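The values are calculated or read from the model by the stated rules, or taken from the named source; none is laboratory data. Note that the structure is predicted; figures quoted are calculated from it, not measured. Note: ideal-geometry Cβ built from the backbone for every residue, glycine included; neighbour counts use all protein chains shown. All accessible areas refer to the heavy atoms of the entire protein, side chains included, with ligands and DNA or RNA removed. Shrake-Rupley method; radii C 1.70, N 1.55, O 1.52, S 1.80 Å.
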Amino acid sequence: MATIKDVAKLAGVGLGTASRVINESGYVSEETKKKVRDAIKKLGYVPNETARAFVTQDNKTVALFLPSIHHAFFSELAFYIEDELDKKGYKMILCNSTGQKEKELKYISMLKQNKVSGIIGISYNSIESEINHSMPIVLVDRHIGEIPYVSSDNYGGGKMALQVLKETGCNHVAYIGTYSKTIFTEVEKRKKGFEDAAKETGINYTLYIEEDPIKDQTSFLNIFLDNYKNIDGVFVENDMMALELVQLAQDRSIRIPEELSIIGYDGIQKYAMFRPKLATIRQPVELMGRSLVDLLIKKVNGEQVTPEIHPVQFLKGETTR
């Protein structure tokens, strides 16, 4: 009687790959599936139900890759993801990728080898060719084909920031942030929302952006302060950059918020003791983290899921009038 080892050998694949095809669990390319199924047919292989029950067990481990655990938003998100995974009986492996594509690909390879149940990822790299919608992957703020993602309402947040600046008396406003030539993320909608709201209200606005990653953020922000002395209100792409802008402005004796109002995005003021307290658009980090886990587990179980976008709120702080 043929065994699964015989099937794997004839198909020219590993035992784990043959198991995934036989048990319809985990990701396997269509080409590889055909090889395994052809081998099964040729050998007349009949799966052993006891063995089947063993190999189809979910290993209850999820990989999370982040650009940097040092970033306050990413570390807070990781906290809620791990907490929700633990409640659902899963373990978490953390990949602090520091933007290195090679590190992310290692974890994607682990998923393909069935070493992890699924992946939650925040990636700013071109990984489109390595993943597809049939794999148990959920992304944060990123669109790749039909792969589900979770995001905050970045566009609405951009409009909200512009409205606050206008309502508090700012006359010349600016958006400070980044752009990418190779990928598109939901983050870029912050600029779009800000710009559209500025056009709708007729306020004077400036877009001050640099390609991501910014090589020298301090220099980038100092050049802004040097060249745009007429700006009296700023919406910055993220809180960490906004906090540095506050510090640099104060070093120049620019009064915050009397002369320059500053709004960030993320909402890390909830946990920080920075002074002045930054005005910010708060992402619902806990809700986002727990919904990422919910979507991923549904994907692991073979369910169909769709992207989720969660509302944001403005936190007043001390850097707006």
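Of the set (1) surrounded by 20 or more Cβ atoms within 10 Å (Cβ to Cβ); (2) at positive phi; (3) at pLDDT 85 or above, all apply to residue 60 but (1). Taking first residues from the range 189-203 that are without any contact (Cβ under 8 Å) to a residue 24 or more places away in the chain and under 17 Å from residue 312 (Cβ atoms) and partners that are in a loop (DSSP other than H, G, I, E, B) and open to solvent by 50 Å² or more (accessible area, probe 1.4 Å), no Cβ contact under 6 Å between residues at least 6 apart in sequence or on separate chains turns up. Scanning the range 92-133 for residues that are within 20 Å of residue 286 (Cβ to Cβ) and either of a type in the set (S, T, N, Q) or out of contact with any Pro (no Cβ under 9 Å at 6 or more places or on another chain) (or both) returns 92, 94, 120, 121. Of the residues making up the range 150-170, those that are open to solvent by less than 10 Å² (accessible area, probe 1.4 Å) and either free of Cβ contacts under 8 Å to residues at least 60 places away in the same chain or in a helix (DSSP H, G or I) (or both) are 154, 157, 158, 161, 162, 165. Residue count for the range 293-310 under the criterion of being out of contact with any helix residue (DSSP H, G or I) (no Cβ under 7 Å at 6 or more places or on another chain), open to solvent by 50 Å² or more (accessible area, probe 1.4 Å) and on the phi < 0 side of the Ramachandran plot: the result is 8.
If you go through the range 203-237, how many residues are modelled with pLDDT under 95 and either in contact with a Leu (Cβ under 7 Å, 6 or more places away or on another chain) or closer than 21 Å to residue 157 by Cβ (or both)?
The initial filter retains those residues of the range 203-237 that are modelled with pLDDT under 95, namely 211-215.
Narrowing the set further to residues that are either in contact with a Leu (Cβ under 7 Å, 6 or more places away or on another chain) or closer than 21 Å to residue 157 by Cβ (or both) leaves 212, 214.
Result for the range 203-237: 2.
Residues that are within 15 Å of the chain's Cα centre (by Cα) and among the polar types (S, T, N, Q) within the range 101-135 comprise 123, 125, 126, listed in sequence order.
To keep it simple, each residue is scored yes or no on (1) among the charged types (D, E, K, R); (2) open to solvent by less than 50 Å² (accessible area, probe 1.4 Å).
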residue	(1), (2)
87	yes, no
113	no, no
137	no, yes
140	no, yes
148	no, yes
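With respect to the conditions (1) at pLDDT 95 or above; (2) crowded, with 16+ Cβ neighbours inside 10 Å; (3) among the β-branched types (Val, Ile, Thr), residue 119 lacks only one, and its number is (1). Of the strands (runs of 3 or more DSSP E) lying entirely inside the range 75-140, those containing at least 1 residues that are touching a residue at least 40 places away in the same chain (Cβ under 8 Å) span 118-121, 137-140.
Restricting attention to the range 75-85, report how many residues are surrounded by fewer than 18 Cβ atoms within 10 Å (Cβ to Cβ) and of a type in the set (Asp, Glu).
Residues of the range 75-85 that are surrounded by fewer than 18 Cβ atoms within 10 Å (Cβ to Cβ), as a first pass: 75, 79, 83.
Next cut, of a type in the set (Asp, Glu) only: 83.
Result for the range 75-85: 1.
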